[in-house]
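J.: My questions all concern the structure below.
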Amino acid sequence: MMRWWIALALALAGLAPAQAHKPSDSYLAITVADDKLSGQWDIALRDLDFAIGLDADGNGEITWGEVRAKHSEIAAYALARLAVRGDGAACAIEPGPQQIDDHTDGAYTVLPLTLRCAKTPTQLSIDYTLFADIDPQHRGLLNLQALGLTRTAVLGPQAPTQTFELKSVSLWNQFVDYAREGVWHIWIGFDHILFLLCLLLPAVLVWRSRRWQPVETFRDAFVGVFKIVTAFTVAHSITLSLATLGFVSLPSRWVESAIAASVVLAALNNVWPVFHGRRWTVAFAFGLIHGFGFASVLADLGLPREALALALVGFNLGVEAGQLAIVAVFLPLAFALRRSGFYRRAVMVGGSLLIAALAATWLVERVFEVKLLGF
Amino acid sequence: MFRLSLRRCPRLEFSALAPIWVFSLSLAIGPQAAAAPRVPASDTQVLDRVPARAADPRVRDLQALRAAWRAAPRDVDLSVRLARRYVEQAAAEGDPRYIGYAQAALTPWWTATAPPVAVRVQRAVLYQYGHQFSEALADLDAAVLAEPTNAEAWSWQAAIHMVRADYAAALRACSALAPLTSALLATACKASADSLTGQAGPAAAALAAALEAAPAAGPEERLWALTRLAEIRERRGEGALAERAFRQALALGLDDVYLQAAYADFLLDSARAREVLTLLKDGARADVLLLRLALAAKAAGDSRADGWARDLAARFAAARARGDTTHEKEEARFVMALQGDAPRALALARSNFAVQREPADARILMEAALAARQPEAAGPAREWLQAQGVESVVLQALAGKLGATK
């Protein structure tokens with residue numbers, strides 16, 4: 001007899017049926033540690049009962065005795081539906097003694113696995129076909145731990161084979177990668193370099209009797225530069241960290257425009273000095289803005305969840321190293337040239353005006369989101 | 001090239017928050033994951049329960065049907081019968097595993113472009129379980145085109161159009177169904193759509209009259225008609241009449257999770273949380289009922305509230321882990337009322353409303369938008385309410401509040 005009215009009733013009553021349980025899942029954990037691969041596979045008893053029959057007496061109750069009697073059959077059934085390959089070569093999987101655990105929808109058998117691959121794999125492929133023929137909606141929830149990283153994936157007929165790269169993403173390599181990105185960003189980030197230069201140009205001079213005059217000793221120049229670089233560094237580290245950790249977020253158009261404005265102001269200050277005694281305070285104030293700029297670069301690089309602080313410190317140290325390299329080249333050169341009219345007029349005034357003009361163009365580009373310069 | 005540091009703040013926010021989200025998720029499933037594997041103390045210890053084939057002839061019938069199907073897995077009639085039996089079993093037990101078993105029965109035709117009509121109808125039923133409504137409708141359209149008197153296909157069409165708030169299409173399906181079914185079901189089908197398109201009063205009257213006129217109708221049919229009547233009455237604010245219809249439906253003595261959930265919601269709205277705890281005392285296994293129990297326990301100050309809330313959190317986390325998004329409505333209610341996280345509830349309710357548009361879907365969206373102080377987020381629900389002329393005291397009050405906050 002056609003029982004379609006039950007369908008109608010159910011359907012009109014809200015479609016999603018009452019779900020006493022969830023659909024079928026298994027939990028497969030694989031760990032790669034110290035050249036050893038091990039695993040644990042939790043499979044629901046009710047699924048196994050449907051597949052191979054656990055409730056021997058058919059009374060509706062699955063007892064430990066009934067499960068125990070089927071342990072080897074369970075292991076054989078499950079392992080026939082799981083294949084693991086390391087770098088293309090099949091790994092042997094050996095089952096261990098089974099236990100019982102509870103998940104949200106009932107009891108599961110816990111099947112320990114020992115995996116033997118030819119060598120420690122750099123790439124792991126998993127073929128998963130458990131219950132695929134009797135319940136295509138079954139999924140295997142994979143938790144793969146390797147080299148300090150945890151990966152999760154949903155295995156099942158929708159993607160029967162999945163491959164995972166285990167290449168050494170050691171913390172140190174990650175750190176070096178982010179540090180390199182930091183250096184690179186300072187190197188190609190003209191706005192940051194020019195801002196720093198505008199603050200450094202007058203460091204070998206002193207504003208006296210309404211004109212720039214050379215400082216006497218290298219020590220004076222060095223102390224000036226040291227204060228400026230330190231203030232800039234401290235300030236941008238603060239905002240870089242705050243933004244990366246999600247405590248503060250500013251619109252990037254606003255940030256980038258403010259960075260351009262900071263370069264204009266710093267350059268003009270060299271020509272018509274307003275701040276000359278305590279340029280490190282200027283470096284600090286504008287450094288706060290530049291930090292947000294660094295943060296958006298770091299975000300674009302993608303942050304490793306497991307090593308957020310590591311990436312942050314690495315990137316920041318890279319930025320500082322890039323900065324110091326610029327200072328190391330600039331300071332001796334400027335100190336040597338400080339008495340020449342070339343330095344005081346052409347470099348200091350002319351250079352600053354050029355920088356101001358360039359930065360003003362950026363400012364217009366960034367505020368109005370137009371492109372004026374061809375590079 | 002020096003402009004590379006532009007743009008992309010939202011991504012920064014997301015990636016910076018991701019670890020926190022992951023952390024809270026792992027907290028949510030933590031207690032469970034922490035339960036260590038064990039070796040049971042004795043062989044007689046019962047670990048889990050499954051349908052008992054020894055005592056239940058229905059289980060044996062199903063097993064016999066399955067055995068027959070295994071011998072001939074490409075037989076259309078056997079495959080469709082088996083799939084239909086599993087769908088019924090899913091409804092009776094509330095276990096979605098049976099939906100997967102039903103899909104397995106249709107394997108030879110699962111990706112076919114033009115399977116036999118009977119297969120198409122069953123495939124549509126399975127699609128709608130996964131909220132793949134467009135795929136389901138495509139199969140049902142093809143089915144009624146080939147077989148205009150296929151009542152099952154018309155019923156599912158009506159149902160899916162209702163959920164998607166396409167009431168004109170639902171009414172067309174109801175008219176096509178009318179000559180193929182009983183007067184009570186035909187009336188109930190039409191009344192369901194009418195009640196949400198400015199005709200709630202006449203719809204309730206027609207449904208009540210049809211029930212009077214069909215005292216001999218089967219209990220399942222009466223239960224469903226009474227539940228719909230109760231809901232229409234409730235939306236119209238006719239509390240006493242709604243209560244009467246609910247009680248008549250419950251008095252039929254059938255286990256029906258949907259009815260229990262609807263009545264529990266009615267009681268919760270009437271500040272009668274204690275009665276919910278009594279009504280559902282056996283129902284903690286079904287998610288929808290567990291949600292009502294937890295809500296009621298919290299409202300009544302019952303000490304079991306926290307434990308139930310933890311169980312629910314674990315079940316939602318388990319669903320999310322496999323990429324399942326078909327519980328967003330319930331999860332939104334849970335997150336808002338029991339975890340107090342209005343922004344997350346709002347995100348869930350919005351995503352849910354894009355798929356399902358029934359009064360309950362609109363309600364959680366509007367409530368979450370109010371709680372999160374983002375009245376504009378409830379726009380789609382308010383538009384639905386206005387465009388259809390939905391009569392609902394609760395929804396209209398929410399729309400009024402949202403309008404005032406704007």
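J.: Output yes when any residue across the stretch B:336-346 is open to solvent by 20 Å² or more (accessible area, probe 1.4 Å), within 21 Å of B:M162 (Cα to Cα) and not assigned by TED's automatic domain parsing to the domain that holds B:T278, and no when none is. Talk me through it step by step, then tell me what you get.
T.: Residues of the stretch B:336-346 open to solvent by 20 Å² or more (accessible area, probe 1.4 Å): B:336-341, B:343-344.
Applying the additional criterion that residues be within 21 Å of B:M162 (Cα to Cα) yields none.
Looking for residues that are open to solvent by 20 Å² or more (accessible area, probe 1.4 Å), within 21 Å of B:M162 (Cα to Cα) and not assigned by TED's automatic domain parsing to the domain that holds B:T278, one finds none in the stretch B:336-346, hence no.
J.: Give the stretch A:71-97 a look and list any residue that's under 38 Å from the mean Cα position of the chain (by Cα) and closer than 24 Å to A:D47 by Cβ, or say none.
T.: Going residue by residue through the stretch A:71-97, those that are under 38 Å from the mean Cα position of the chain (by Cα) are A:78-96.
If the condition is that a residue be under 38 Å from the mean Cα position of the chain (by Cα) and closer than 24 Å to A:D47 by Cβ, then A:A78, A:L79, A:A80, A:R81, A:L82, A:A83, A:V84, A:I93, A:E94, A:P95, A:G96 are the ones that fit.
J.: When you look at A:A231, is it more than 14 Å from chain B (Cβ to nearest Cβ), under 32 Å from the mean Cα position of the chain (by Cα) and part of a helix (DSSP H, G or I), yes or no?
T.: Values: more than 14 Å from chain B (Cβ to nearest Cβ): yes; under 32 Å from the mean Cα position of the chain (by Cα): yes; part of a helix (DSSP H, G or I): yes.
The answer is yes for A:A231.
J.: Within the stretch B:321-329, does at least one residue satisfy the condition of being within 14 Å of another protein chain (Cβ to nearest Cβ), buried (at least 18 other Cβ atoms within 10 Å of the Cβ), farther than 27 Å from A:Q137 by Cα and of a type in the set (A, V, I, L, M)?
T.: no
J.: Assuming B:M336 fulfils every condition listed in (1) touching a residue at least 40 places away in the same chain (Cβ under 8 Å); (2) hydrophobic (A, V, I, L, M, F, W, C); (3) farther than 29 Å from B:R247 by Cα apart from one, which condition is it?
T.: With respect to (1) touching a residue at least 40 places away in the same chain (Cβ under 8 Å); (2) hydrophobic (A, V, I, L, M, F, W, C); (3) farther than 29 Å from B:R247 by Cα, B:M336 is out only on (1).
J.: Sort out which residues of the stretch A:331-351 are hydrophobic (A, V, I, L, M, F, W, C) and open to solvent by less than 30 Å² (accessible area, probe 1.4 Å), and write them in order of number.
T.: Residues satisfying the conditions are A:L331, A:A334, A:M348.
J.: Moving on to the next point. Would you mind listing the strands (runs of 3 or more DSSP E) fully within the stretch A:134-215 where at least 3 residues are out of contact with any Gly (no Cβ under 8 Å at 6 or more places or on another chain) and more than 29 Å from B:R97 (Cβ to Cβ)?
T.: Qualifying strands (runs of 3 or more DSSP E): A:205-208, A:211-214.
J.: Kindly provide the set of residues from the stretch B:188-223 that are farther than 24 Å from B:D255 by Cα and open to solvent by 30 Å² or more (accessible area, probe 1.4 Å), ordered by number.
T.: B:K190, B:T197, B:G198, B:Q199, B:P202, B:A205, B:A206, B:A209, B:A213
J.: Sticking with this one: When the stretch A:170-179 is examined, which residues are found to be in contact (Cβ under 8 Å) with a residue 60 or more places away in the chain, of a type in the set (A, V, I, L, M, F, W, C) and either surrounded by fewer than 18 Cβ atoms within 10 Å (Cβ to Cβ) or within 14 Å of chain B (Cβ to nearest Cβ) (or both)?
T.: A:L171, A:V176
For (1) among the hydroxyl-bearing types (S, T, Y); (2) more than 10 Å from chain B (Cβ to nearest Cβ); (3) open to solvent by less than 60 Å² (accessible area, probe 1.4 Å), each residue gets a yes or a no:
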| position | (1), (2), (3) |
| --- | --- |
| A:T129 | yes, yes, no |
| A:N143 | no, no, yes |
| A:V154 | no, no, yes |
| A:Q162 | no, yes, yes |
| A:E181 | no, yes, no |
| A:I188 | no, no, yes |
| A:D191 | no, no, yes |
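J.: Kindly indicate whether B:D48 is closer than 30 Å to A:Q99 by Cα, open to solvent by less than 20 Å² (accessible area, probe 1.4 Å) and at pLDDT below 90.
T.: Here the answer is no, as B:D48 does not meet what is asked.
J.: The conditions are (1) touching an Asp or Glu at 6+ places or on another chain (Cβ under 9 Å); (2) at pLDDT 90 or above; (3) farther than 24 Å from B:L229 by Cα, and B:A309 fails exactly one of them. Which is it?
T.: Only one criterion in (1) touching an Asp or Glu at 6+ places or on another chain (Cβ under 9 Å); (2) at pLDDT 90 or above; (3) farther than 24 Å from B:L229 by Cα is unmet by B:A309, namely (1).
J.: Look at the stretch A:82-131 and say how many of its residues are of a type in the set (S, T, Y) and without any contact (Cβ under 8 Å) to a residue 24 or more places away in the chain.
T.: Qualifying residue count for the region: 0.
J.: Can you list residue pairs whose Cβ atoms sit under 7 Å apart, with the first residue in the stretch B:238-254 being in a loop (DSSP other than H, G, I, E, B) and the second being open to solvent by less than 70 Å² (accessible area, probe 1.4 Å)? Count only pairs 6 or more apart in sequence or on different chains.
T.: B:L252/B:P219; B:L252/B:R222; B:L252/B:L223; B:L254/B:P219; B:L254/B:L223
J.: Now for a different question. Can you tell me which residue is surrounded by the most Cβ atoms within 10 Å (Cβ to Cβ) among those in the stretch B:347-364 that are in contact with a Leu (Cβ under 7 Å, 6 or more places away or on another chain) and of a type in the set (K, R)?
T.: In this case the residue turns out to be B:R350.
J.: Taking A:L147 and the conditions (1) under 28 Å from B:G323 (Cβ atoms); (2) of a type in the set (A, V, I, L, M); (3) open to solvent by 50 Å² or more (accessible area, probe 1.4 Å); (4) in contact with a Cys (Cβ under 9 Å, 6 or more places away or on another chain), which numbered condition does it fall short on, given that it satisfies the others?
T.: Evaluating A:L147 over (1) under 28 Å from B:G323 (Cβ atoms); (2) of a type in the set (A, V, I, L, M); (3) open to solvent by 50 Å² or more (accessible area, probe 1.4 Å); (4) in contact with a Cys (Cβ under 9 Å, 6 or more places away or on another chain) leaves (4) as the failure.
J.: Let me ask you something else. Name the residues in the stretch A:299-355 that are outside any helix (DSSP H, G or I) and at pLDDT below 85, would you?
T.: Correct list: A:G302, A:L303, A:P304.
J.: Whether any residue in the stretch B:280-299 is touching a residue at least 12 places away in the same chain (Cβ under 8 Å), within 11 Å of chain A (Cβ to nearest Cβ), closer than 27 Å to B:Q199 by Cβ and touching a Leu at 6+ places or on another chain (Cβ under 6 Å) is what I want to check.
T.: no
J.: Within the set of pairs 6+ apart or on separate chains, which have a first residue in the stretch A:57-69 that is on the phi > 0 side of the Ramachandran plot, a second that is at pLDDT below 90 and assigned to a strand (DSSP E or B), and C-beta atoms under 8 Å apart?
T.: What qualifies is A:G60/B:R49.
J.: Would you check which residues across the stretch B:65-107 are among the polar types (S, T, N, Q) and surrounded by fewer than 21 Cβ atoms within 10 Å (Cβ to Cβ) and list them?
T.: Of everything in the stretch B:65-107, those that are among the polar types (S, T, N, Q) and surrounded by fewer than 21 Cβ atoms within 10 Å (Cβ to Cβ) turn out to be B:Q89, B:T107.
J.: Report whether or not B:E367 is touching a residue at least 24 places away in the same chain (Cβ under 8 Å), outside the structural domain of B:D306 (by TED's automatic domain parsing), open to solvent by less than 40 Å² (accessible area, probe 1.4 Å) and among the charged types (D, E, K, R).
T.: Taking the combined requirement at face value, the residue does not satisfy it.
Per-residue answers, yes or no, for (1) assigned to a helix (DSSP H, G or I); (2) more than 30 Å from A:P157 (Cα to Cα):
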position: B:V288; (1), (2): yes, no
position: B:A294; (1), (2): yes, yes
position: B:S303; (1), (2): no, yes
position: B:L312; (1), (2): yes, no
position: B:S351; (1), (2): yes, no
position: B:A368; (1), (2): yes, yes
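J.: From the list B:A225, B:A186, B:A193, B:A205, pick out the single residue that is more than 14 Å from chain A (Cβ to nearest Cβ) and not polar (S, T, N, Q). Before the answer, list the steps.
T.: Details: B:A225 fails: more than 14 Å from chain A (Cβ to nearest Cβ); B:A186 fails: more than 14 Å from chain A (Cβ to nearest Cβ); B:A193 fails: more than 14 Å from chain A (Cβ to nearest Cβ).
Going through B:A225, B:A186, B:A193, B:A205 in turn, just one is more than 14 Å from chain A (Cβ to nearest Cβ) and not polar (S, T, N, Q): B:A205.
The values are calculated or read from the model by the stated rules, or taken from the named source; none is laboratory data. What you are looking at is a predicted structure, and each value in this text was computed from that prediction instead of being measured. For neighbour counting, all protein chains shown are included, and Cβ atoms are generated from backbone atoms with ideal geometry for every residue, glycine included. Surface accessibility is based on the protein's heavy atoms, side chains included, excluding ligands, DNA and RNA. Shrake-Rupley method; radii C 1.70, N 1.55, O 1.52, S 1.80 Å.
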